[in-house]
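Undergrad: Below is one structure. I have some questions about it.
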Amino acid sequence: MALSRFLAAVIAGVMLVGLAAQADEIQDINLQFRKGELAAALDHANRYLAGNPKDARARFLKGLILGDLGKTNAAIDVLKALTEDYPELPEPYNNLAVLYASQGRYDAARNALEMAVRAHPDYATAHENLGDIYAKMAAIEYGKVLALDSGNQTAQIRLKLISTMLGGQAARPAAAKPASGAAAGK
């Protein structure tokens, strides 16, 4: 009996060391990412994911890295797959929305943010980004009003207010806030 408990303790210890090593690798990838060593971070993430393909944290970081490298479509693919495998995590939805917004795909961004809020109703960043997306969509509609009726004072005033609120970005894609690399938790 004591021998089996000893073996169980040894096995648990080995497993904990393995988990600590995985956590260290994720921290290393995150550190490379934060330092701006994007190519190295992506290579490191790919090597790590080759042996740990379901690791949500590494996949999330890979999506962030791809986004920062300007590989928006690849980042979208990574984050979409992550939302399918881990629908309970709000951060991938939020960052997916940021990427969609950068492409002017505001309906898709809104849908992703609504999913983030469903997954985590207290996720303030997603609520804030959703407000920005709604404001951006409203600015687009007020722009359409002014294209049809340039003298519409109400639309002019509202568009100016929204533009001020968005920091002068009413005519550009909304600058939604991404979640950080440490946010995804699985």
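Computed from the coordinates by the stated procedures, all read-outs in this text should not be read as laboratory data. Small disclaimer: the values here were computed from a predicted structure and weren't measured. We place every Cβ from the backbone using ideal geometry, glycine too, and count neighbours over all the protein chains shown.
Undergrad: Roughly how many nanometres apart are two label points built 7 Å out from the Cα toward the Cβ at Ala39 and Ala23?
TA: 3.3 nm
Undergrad: Please list 141-150, 42-51 highest first by mean number of surrounding beta-carbon atoms within 10 Å per residue.
TA: Working: 141-150: 13.1, 42-51: 16.9.
With the highest mean Cβ count within 10 Å placed first, the list reads 42-51, 141-150.
Undergrad: Hey, another quick one. Which order do the peptides 70-80, 56-66 take when ranked by the mean count of other beta-carbon atoms within 10 Å per residue, highest first?
TA: Most protected by this proxy first, the peptides run 56-66, 70-80.
Undergrad: When the dipole is taken about the Cα centre of region 51-110, and only Lys, Arg (+1) and Asp, Glu (-1) are charged at their Cβ, what size is it in debye, to the nearest 20?
TA: On the way: 8 positive and 8 negative charges, 27 e Å.
My answer is approximately 140 debye.
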